[in-house]
Structure formats: C-alpha cells, structure tokens
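The values are calculated or read from the model by the stated rules, or taken from the named source; none is laboratory data. Keep in mind the model is a prediction, meaning the values are calculated, not measured. Every residue, glycine as well, gets a Cβ built from its backbone with ideal geometry; the counts of neighbours run over all protein chains shown.
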Amino acid sequence: MSCRRHPLALSLRLALVAACAAPLTANAQDVAPDGVVELDRMIVTAQKREQQVQEVPIAISAYSGEFLQDYNVRDFTDIGNVVPGLVVQEQSPNNPGFVIRGITSDSGEANVEPRVSVFQDGVSISRSRGSIVQPFDLERVEVLRGPQGTLFGRGAQIGAVHLIQNKAFNGYESGYTVGIGNHGATQASGYANAPLVGDTLYARIALFHEKRDGFIENLSGGDLNGKDTLALRTSFRLDLRDTDSLDLIFNFQKDAPPGTAFRSGTIPTRRGSLDVLDGTADLNRGDQLGLDRTVNGVTLLGNFHLSPSWSLSTITGWREFDSHEEFDGDGAQVFVAEFAEDARGKQTSQEFRFNYDGGGRFTGFGGVSYFQEQGSQRVVLRTNERSLVTMPVLGLGIPPLLPDGRPNEMVTALPIAPGVMVPLKPYHEEQYINHGDTTAWELFADGTWAVNDRLNLTLGLRGTHEDVTAGYQSDFLGVPSMLGMMPVNGPAAFPNLLYLPSPLVERSESFRSLVGRAVADYAINDDLTGYASISRGRRPNVVNVDALSSEIIDDEIVISGELGLKGAFDGGRFVYDVAAYRYEYSNFQTTVRDDDSLRYVRANGGNATAWGAELSMSWRASDRLSAFLNYGYIDASFDDTDDDGNVQELAGNRFRLTPDHTASAGVDIRFPAGAHEWYLRPSWNWRSHVYFEDDNFEGIEQAGYALYNLKAGVRTADGRWDLGVYASNLTDKAYLIDGGNTGRLFGTPTSIQGSPRLYGVTLTGRF
C-alpha cells in the first residue's frame, strides 16, 4: 500500500523540518523508483542474530560509525544526547553515570554491580571506573532500553550500550582526521586496513588522540575539566573457510586529563563569588588535581557454521583497568575534603552460544557463559582539622573564611570536657578500601516461533549462579584524629573521621537468580509492526561489610511491560518507532546519608515505579535532505509505601539524574557546488528539570535547558577529502551536569559545570 500522500506522513515531515536539528540513525543506500532515496534499514545483532533494526521487537537505537562522525558525536555524552531515554553524565572518564529510563548506574564500589551494561563487541566493560572508552573507528552503536538480562546477562537490568568496533577485512582502506579548536584543542585519528596473507589473514589498526585544555579557570592555579585521551586498537581476522572466522582485538586507552572542577555553592571564591556557573573554581591544590587511568582489553571472537542449521559463536574477553584520581571534594580553597581514589579491576569472561536457524518457523539460541572479576577501590581522605571545624555540618558556627578571604585556620583546639582541650591536627590522612571478587556462571536460551507469516512469539530465560566475596578495611596515617571523637548524629569514627578503622574483613555469599522475557510481535502490514513484551530484570545482591557488621542488601528486581510500534511511510523514506513502558521495582538499591557518620551508605530504598513513552522518527526526502526527531517522557519516582504499607523514606521523590522530558532533532542538508558537495548539519537537544540526588534536595538541581550544535563543511565528489567546522553549545549556555556530591556530607554541596561553547576545524582524508 502506497503512503506517499498520507496526511500524517506530510505532517511529520513538516514537523521535522521545522525542528531543524539532530542526527540520523541511518544512512541513504537504496533508491526508490521515484528517485527518492530510501532510508537504510540498519542491520543489528541485539537478539544475537542479524536483523534489520525495524524488525527487532525491542526499544533500540542504532547509529552507524559514519553517522557518529557526520554529527561530531565524540563521546558517550554525545550519544546520550541523541538517544531517547538515555542520559550520560561524565564527571571524568573515571566517574561516569549512565541513566536509561530513569535508572542510574554510577557506583565506583568494587562490590556493587551496574544497572546499565556497557559492552564492547559482546564483552562487558561495565565496571564504572573502566567503562568509559573512546567511541572511535566504530561499525555501529546499539543502545537497548529496558531489561536486557536475558540477552546480555548480569548488570543489564535496565539496558545496554553496545559498541561494535570495525574489524579487519580482506581489502585495503585507510584514512585520517586532524583538527584544532578553542581551549587549545588538538585531535588526530586514523586507521589502516590491509590483507597480510592472501585471502586468509587481515589486519587493521586504529589510533585516536585528543587533548584539550580545561575550560574552568582554577584560581589556585591551572585549568580544570579538560581532556587528554590516547586510544589504540589493533585487530586481526583469520578466515578459516568461507563461513568460519576468528577476530582477535587488542584495545588500549590512556586518560590523563586535568582535575574535575567541583564548585562550592556556600563558600565563596577568593574573588568573592558564589556563582557556580561563572567558569571558575577555587581548589587549593591546583595542578595536583587530575586523573591517570589506563584500560587494556583483549577480545577473541569466533564464528563457526556447524551445519546448515546450526552455528557456534564464542566470545572470549580479558580486561583490566588501573586508575588514580585526585579531586577536591569540598569545592573551595579550604583544606577540608581532599580525596584520592585508586581503583583497579581485572576480569575474564567466556561465552559459548549455539544458534539455530533451520529455515523453518523456529529460530533461537542457547549457551553458557562464565565471568570472573576481581576489583578494589581505595579512597584516601586528607584534611586540615583546623579548617574542618568550620564546616556547617559540625554546627560550631565558625566561619570557613577570614574577613580577608583566606581559609580560617585560627581554631587550633576544642574543648571536649571542662578544662580539657583537644589539639586539632593541621594534617590528617585516612583511607578506606573495599574489595570485590565475583565468579558467575550463566545458562541461557532464547527462541522465536513464527506462528504464521505475521505473528512471532519469543521466550527467553537466563539463570545465574554467583559466588561473591566482599571486603572492607580502613586505617589512618600518623596519630588519631581528635575530631573523630566528636559524634555527628551518632557514634564517632575515632580514631578516624569517616570510616572506623579495621583490618581486612570479608564475607562470602552465593546467589541464584532467574530473569526472562516474553515477547509477541505482529506484522500489521508490510510497513507496520507492533509488539508487546514483559520481562524480569535484576540487579545482583550487595554484600555490605564494614568494621562492625555486615549485611546482605536484597537483589533489586524490576518487572517491565512494554508496547511498541515500528513502521514506515513512503516506501521506507520515513521510518518511526513508538514505545510505551511501565516498570515496577522492588528492593530499589540507593545511597542515603548515614546517621552514624559523615558518609553515604548503600541501602534498600523500597519500591519504586516508572512509566513513560518514547518516539523516534527519521525522514529522508532525497539524497540531499534528511531529518531526525527523538522525544522521551518518563514519570519515575519512589512509591509512597512499601509492601507492608509503611511510609518510605524517599516517598514520592523523583529519580536522580532523570528529566521528565528529553528531545533531540536535526537535519542534514547537502548541496552540490561544482565538483564538490557542501553540507550543513544543525542539531539540537533539550532536557527538562532534573534533580541530582534521590532526596530531591532543594538547590541541588538543574532547570531545563537546550543545547544547539552545528557541523558544516565541504567534501570532494569522491568523498576522499572533507574539510569541516563544528561547534557544540553554540549559544554558550551555562548549565550544571551534577550537584551535591561528597561536599554535601560536610554541609557544602558542590556542583560541576557543563561544557561551554566548543568549536574547531577538522580535515579528513580517506584512501
């Protein structure tokens, strides 16, 4: 049935043109009979087999590597700006937060599993401190929203971000991109592919480097919030026969950016400012702040056809990361909360998956996987107790700054009893270490039965057995902290300030779980498919251990129901998908202020509910004009009461880092000029009000804002050369990406400012 004159198609086209801004999820390939270019139906492997993205009964966004380059999508934050239901907050490469449909995954503790999994060619890289990798030389990115434990395993409770890297192939190909920009930005990347041994062995190498000075002036010296990333990938492919292959991939990444600009909203800078959006910080250690992180990985992929109906896929992975970050948690020139974090992790994984497709009504897969990980997080606190006593949380009423603006260190002793004065240390250091050791075995199966030519039924299950060991230890350097004897709403941590000293204590537990999904999809006609699904997701149990006790926090369970439509108009020139969902959470794992100490602890937040809807549309009017529009809405909050009818601590509060509304849009305009082609690609993304903490504390929030971006340039007719200019945040909008943070424990919440206007010029060559 032709839809060329369908009024809805026309209305949607006009809306997209009027929106005038954002990226495309597909590239033009096929030409329709009327000469209008049809949208390419991108091939994805979300269900462990090759399918056109419009055929997958899952809320999924897929972006080609070409699209990422065309729209200057350079990092995970940019990806989050063009995917409905996805928000990525990156304080630093060492401290990201991934939010899918209201659920945040950002814990750096070694004994806590993520809710959102990041995968690199099927290998989980989800540990927070090692999950940020540079998205360069990619075949595509797939973002799956909703519980994905059946397909992807542990840690994919609410979604998965899958990076599929370009592999070596039998052919010659090379290219490079160089560029410069404001704030001293330089970038250089390139790739080369070539056969090594006839039609059997091939190699590919890709390199990326980007450096940018910080855009936040630190009044104590240096700049903050910059970038310095070097990434290298080498890959080899061995074709064993026409149908079998092995891919061996080596990944390396080094990050050494300057420090993160935490900014206090209660202690003014030496310039007297309390404006957290004024582009400055006043962190007393200056250039000493920063990150030093390395990430290494080796992946072996095998694909073997065992018979006309059966094939075997294997994924072998090894990864390690090692990071050291220095940051100023009080966000001011006072010497109160100077932190260092050492995080390490090593993992090995193996998956064997048997795939069946006999050409009949049933297709499916089943297999087994193994995962082993060892990790640790060491947090060091350094403080001057004479400054610490000025913090509002102690309630002593001592001003943090002297009248001349310098830190107040005048109080050198405090009374703890009549006539008894306790001296305050000018320097105190203590450390806390958590350990995590996890071994998991999983059995899984997923199958689809074609009832008839229109109706498919899918059922999937995954069972997991986990052996988990968690550890805790804490100590101090030198002499005890005298302030540690002063309780703050509870027992003191003497001789430490934050963590009770303890030798290494451990607890080991075993857990079993089952997740699954049931899906029905129906082809209403050749251009429209509807689906309905119900699934069970899980975030693993947490083993909490400290100096005095240990506890098991129950696994977080979500029951998800989803309805969706995927369709096309005009012979494939206009494609869209709509999804509506509802989530019911139990044992929602969150962090709360510990009444017995100056720290946050993990706790069971009770029950929570989220529901929402998402819309994506792409239109290609011709090979010269295309457009894209995304929109997402979510209502996500903690329930008023628990299962027993008791009022919950966070009753009615919104989920942190979760805007009610998100939207992005864009157009790609191309026009010939002699032997060249000019292009103009404006884009726009917007998000509504967001809280940064689950307790929805007033002032720790960000009002809604929009960002405008642009890429424009000229390329030769053969596509070998491309000269472009880019700009992000064209209007130089000032906004926050985070608030609260560690400084809030001391009564001085801190904020982190988002990127200002960034612009530059790039030259790309392809051979």
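For the reader, a short list of remarks on this structure follows.
Residues are listed down the side, and each one gets a yes or a no for (1) within 21 Å of the chain's Cα centre (by Cα); (2) farther than 22 Å from Ser105 by Cα; (3) without any contact (Cβ under 8 Å) to a residue 60 or more places away in the chain:
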{"position": "Phe638", "(1), (2), (3)": "no, no, yes"}
{"position": "Asn696", "(1), (2), (3)": "no, no, yes"}
{"position": "Tyr708", "(1), (2), (3)": "no, yes, no"}
{"position": "Val714", "(1), (2), (3)": "no, yes, yes"}
{"position": "Val725", "(1), (2), (3)": "no, yes, yes"}
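- Output for the range 225-268, where each listed residue is under 30 Å from Thr200 (Cα atoms), out of contact with any Ser or Thr (no Cβ under 9 Å at 6 or more places or on another chain), buried (at least 16 other Cβ atoms within 10 Å of the Cβ) and among the basic types (Lys, Arg): Arg233
- Taking each residue of the range 267-282 that is within 24 Å of Gly397 (Cα to Cα) and looking for partners that are part of a strand (DSSP E or B) and small (Gly, Ala, Ser) with beta-carbon atoms closer than 6 Å, six or more apart or interchain, yields Val276/Ser751.
- Some residue of the range 493-502 being part of a strand (DSSP E or B), modelled with pLDDT under 90 and farther than 20 Å from Gly149 by Cβ: yes
- Note on the range 368-399: residues that are within 34 Å of the chain's Cα centre (by Cα), crowded, with 20+ Cβ neighbours inside 10 Å and either part of a loop (DSSP other than H, G, I, E, B) or not aliphatic (A, V, I, L, M) (or both) total 7.
- Among all positions in the range 339-347, there is no residue which is over 30 Å from Pro135 (Cβ atoms), buried (at least 17 other Cβ atoms within 10 Å of the Cβ) and among the aliphatic types (A, V, I, L, M).
- Residue that is farthest from Pro672 (Cα to Cα) [pool: residues in the range 612-645 that are assigned to a strand (DSSP E or B) and of a type in the set (Asp, Glu)]: Asp635
The rows are residues; the columns are (1) out of contact with any His (no Cβ under 8 Å at 6 or more places or on another chain); (2) farther than 22 Å from Leu68 by Cα.
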| site | (1), (2) |
| --- | --- |
| Gly666 | yes, no |
| Pro672 | yes, yes |
| Asn685 | yes, no |
| Val690 | yes, yes |
| Gly704 | no, yes |
| Leu710 | yes, no |
| Trp721 | yes, no |
| Gly740 | yes, yes |
| Arg744 | yes, yes |
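- Every listed requirement among (1) closer than 29 Å to Asp342 by Cα; (2) touching a Leu at 6+ places or on another chain (Cβ under 9 Å) is met by Asn303 save one, (1).
- From the options Asp342, Asp292, Asp322, Asp330, residue that is in contact with a helix residue (DSSP H, G or I) (Cβ under 8 Å, 6 or more places away or on another chain) and among the charged types (D, E, K, R): Asp330
- Residues within the range 525-542 that are farther than 30 Å from Glu113 by Cβ and among the β-branched types (Val, Ile, Thr), tallied: 1
- Whichever residue in the range 325-338 is in a strand (DSSP E or B) and buried (at least 22 other Cβ atoms within 10 Å of the Cβ) and, among such residues, is nearest to the chain's Cα centre (by Cα): Glu325
- Residue in the range 313-324 that is out of contact with any Ser or Thr (no Cβ under 9 Å at 6 or more places or on another chain), over 18 Å from Gln431 (Cα atoms) and surrounded by fewer than 21 Cβ atoms within 10 Å (Cβ to Cβ) present: yes
- Of all the listed residues (Gly484, Gly419), the sole one being at positive phi and at pLDDT below 95 is Gly419.
- Val87 vs. criteria in a loop (DSSP other than H, G, I, E, B) and either acidic (Asp, Glu) or at pLDDT 85 or above (or both): no
- Count of the range 108-124 residues which are in a loop (DSSP other than H, G, I, E, B) and either more than 11 Å from the chain's Cα centre (by Cα) or without any contact (Cβ under 8 Å) to a residue 24 or more places away in the chain (or both): 8
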